[in-house]
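Colleague: First, the structure itself, so that you have it in front of you.
The values are calculated or read from the model by the stated rules, or taken from the named source; none is laboratory data. Bear in mind the structure is a predicted one, so any value in this text is a computation, not a measurement. Don't worry about glycine lacking a Cβ; one is built from the backbone with ideal geometry, like all the others, and counts go over all protein chains shown. Side chains included, ligands, DNA and RNA excluded: accessible areas come from the protein's heavy atoms. Shrake-Rupley method; radii C 1.70, N 1.55, O 1.52, S 1.80 Å.
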Amino acid sequence: MLKNIQNKEDYSKYVDRVENFLKLNKVKPGCHSPKNIYSEPFFARKPCECCQRFLGGDRETYNFMQENGEFFRLDICTDCVYFLAYGQLDDMTMLDLEKNS
């Protein structure tokens, strides 16, 4: 995981970025998935195309469906993959945030 989320303020900013991405791109709720079942993560130094963080790390190519039925494909970080699937970051990050607050 990329992390770089040290406190609740960082987490709140991260959540805002992801929610803004979904809203601006008019992505239907729950309408995102890996490019295909055989997709594997790959390393990239470019920003995540969802949260726009500049952390180098693994990316996965994801399909998104907009409200108008159009699809688009982006490379997103593993944090965003997890967040889109579960609505929060991984359990250890969430526990650390609670412990550090």
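Colleague: Hey, which aspartates and glutamates would be in cross-link range of LYS99, C-alpha to C-alpha under 17 Å, not counting anything within fewer than 8 residues on its own chain?
Modeller: Output for LYS99: GLU9, ASP10, ASP90, ASP91.
Colleague: Here's something else I'd like to know. Rounded to the nearest 0.05, what FRET efficiency do LYS35 and ASN7 have when you use their Cβ-Cβ distance and R0 = 30 Å?
Modeller: In this case the efficiency is close to 0.35.
Colleague: Would you list the membrane-span-like helices of the chain, meaning whole DSSP H runs whose alpha-carbon atoms span at least 27 Å along their axis and whose mean Kyte-Doolittle value is at least 0.0?
Modeller: Sorted by number, there is nothing, because no helix extends far enough and scores high enough.
Colleague: Let me ask something else about it. Please list, in chain and number order, the residues 5+ apart from LYS28 or on another chain whose amide H is under 5 Å from its amide H, with Hs placed from the backbone.
Modeller: MET65, GLN66, GLU67
Colleague: Provide LYS13, LYS99, LYS28 ordered by accessible surface of protein heavy atoms (probe 1.4 Å), highest first.
Modeller: LYS99, LYS13, LYS28
Colleague: Which residues' amide hydrogens lie under 5 Å from the amide hydrogen of ARG53, considering only partners 5 or more residues apart or on another chain, with H built in the peptide plane?
Modeller: Close amide H contacts, sequence-distant or interchain: CYS48.
Colleague: Another question, then. What does the extension gain come out to for VAL15 and PHE72, with contour length at 0.36 nm per residue minus their alpha carbon separation?
Modeller: Additional length available on full extension: 18.4 nm.
Colleague: While we're here: Using a 1.4 angstrom probe, figure out how much accessible area the chain has per residue, in square angstrom, rounded to the nearest whole.
Modeller: 64 Å²
Colleague: Sticking with this structure for a sec: With charges set only on the Cβ (+1 for Lys and Arg, -1 for Asp and Glu), what does the dipole of the chain come to about its Cα centre, in debye to the nearest 20?
Modeller: So the dipole magnitude of the chain works out to roughly 300 debye.
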